[in-house]
Amino acid sequence: MAHPKPIFEKKKAVVTAAVAAALTSPAAAVIIGGGELATVPEGFKAVAVVGEAGRGDGQFNEPTAVAFDGARRLYVVDSRNVRLERFFSQGDFDMAFGRFGWKGEGLVSPHGIAADQELYVYVSDRERGLIHQYDIYGKYLKSYGQTQKIATWFERPAGLAVDKLGNLWVADTGNHKVKRINLLGEITLEVGYYGSGPGKLNLPADVAVDESGGVVVADAGNSRLQRFDRFGNPVAVITGGGGEQLRNPSGVCLDRFGNIFASDTGNDRLVAFDADGRYLCEYGKLGRGKKDFNHPVGLCFGEGGKLYVADTYNNVIKVLEVQYRLPDRVEKPPRLPAPAPNER
């Protein structure tokens, strides 16, 4: 799923024809002070909180996952209240849907959520081993995992993602795999199998998809992240950064530059890496304050490029602004021509 672009302030400027020509030349590849090439996360700023503990509208009991649809509405898995809640982009409550039950459309332990840009919302039910599909009005449509084909069964499915082609990706936790499912409900790719070596998974908790169709997996049981290419081949293993190893990472997402953001759940923090897995920065610690977390799980990018995090045991959704800088290696900006004598 493509993420909304971060907002950068644009300043008006008046330039001469000579300066304008220099800025549009091939050498002018860098915008100093932000812009398209300010691609490296260097910190986070807490900007808002959505919800509070409780059972009423807009309240949560252990939220585990967040997602945005194409209309910029926020969906939250309110796991212990056994329901799904939707909010407008400003954080105001919109609606709730889903109900408890062991048959049909019933939910027992909803955990992961994903939405495509136009039509569908998907929710994983860990105890029932199912993926429920809803329309954008909260109407139940069907479930994946109820056929007699063994390959389509799930064991405690968790995190979900939808790619730009509409394929659904499932972190099939109990089977130690990530599965790709097309719109017909067919499994078209399985990634990983049980183990601790490169390419192997142990209780994968979440999955994120990049623009090329490759995936990053929160390999929770191995306390690491793994990146795979679009064919399911292992590309990189990420074990930690900032002087601390990852511990049971349970959520992962990508920004529009391909940087990786993970909920390092066992360490009650967020960690950011570049697309190659190099550590960039981290945020948070155990606590109840605005800048703290208590068992963060699902996360996603939403309105204005802000990062939304399910702070599960604090029963809220934390909203963060990611602060970016230019890459370490960039071309030097062009030297501006000296003004003509009549312009001095």
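The values are calculated or read from the model by the stated rules, or taken from the named source; none is laboratory data. Because the structure is a prediction, the values reported are computed rather than measured. Here the Cβ positions follow ideal geometry from the backbone for every residue, glycine too, while neighbour counts run over all protein chains shown.
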Those residues of the range 195-241 which are β-branched (Val, Ile, Thr) and either farther than 14 Å from residue 277 by Cα or assigned to a strand (DSSP E or B) (or both) amount to 207, 209, 215, 216, 217, 235, 237, 238
Taking the range 197-245 and keeping residues under 19 Å from residue 169 (Cα atoms) and among the polar types (S, T, N, Q) leaves 202, 212, 226, 233
Apart from one, (1) within 17 Å of residue 138 (Cβ to Cβ); (2) out of contact with any Ser or Thr (no Cβ under 7 Å at 6 or more places or on another chain) all hold for residue 45; the odd one out is (1)
Residue count, the range 253-269, condition hydrophobic (A, V, I, L, M, F, W, C) and over 15 Å from residue 217 (Cα atoms), comes to 1
Only one of 305, 258, 298 is crowded, with 16+ Cβ neighbours inside 10 Å and out of contact with any His (no Cβ under 8 Å at 6 or more places or on another chain), namely 298
Selection from the range 89-132 of residues aliphatic (A, V, I, L, M) and either in a strand (DSSP E or B) or in contact (Cβ under 8 Å) with a residue 60 or more places away in the chain (or both) yields 95, 96, 107, 113, 114, 115, 121, 123, 130, 131
Restricted to the range 303-316 and to residues being part of a helix (DSSP H, G or I) and at pLDDT 95 or above, the residue nearest to residue 49 (Cα to Cα) is 314
Considering the range 163-195, residues that are surrounded by fewer than 20 Cβ atoms within 10 Å (Cβ to Cβ) and of a type in the set (D, E, K, R), and then whichever is nearest to residue 116 (Cα to Cα), we arrive at 164
From the option list 319, 297, single residue qualifying as in a strand (DSSP E or B), under 25 Å from residue 58 (Cβ atoms) and in contact with a helix residue (DSSP H, G or I) (Cβ under 7 Å, 6 or more places away or on another chain) is 297
If I filter the range 230-250 for residues that are buried (at least 17 other Cβ atoms within 10 Å of the Cβ) and closer than 16 Å to residue 319 by Cα, do I get at least one hit?
no
When every residue in the range 142-162 that is assigned to a loop (DSSP other than H, G, I, E, B) and surrounded by fewer than 17 Cβ atoms within 10 Å (Cβ to Cβ) is compared, the one modelled with the lowest pLDDT is 148
Selection from the range 36-88 of residues surrounded by 15 or more Cβ atoms within 10 Å (Cβ to Cβ) and either charged (D, E, K, R) or free of Cβ contacts under 8 Å to residues at least 12 places away in the same chain (or both) yields 62, 69, 73, 78, 80, 83, 85, 86
Selection from the range 163-192 of residues part of a strand (DSSP E or B) and over 20 Å from the mean Cα position of the chain (by Cα) yields 187, 188, 189, 190
Subset of the range 317-329, residues touching a Leu at 6+ places or on another chain (Cβ under 8 Å) and modelled with pLDDT of 95 or more, comes to 317, 319, 320, 321, 322
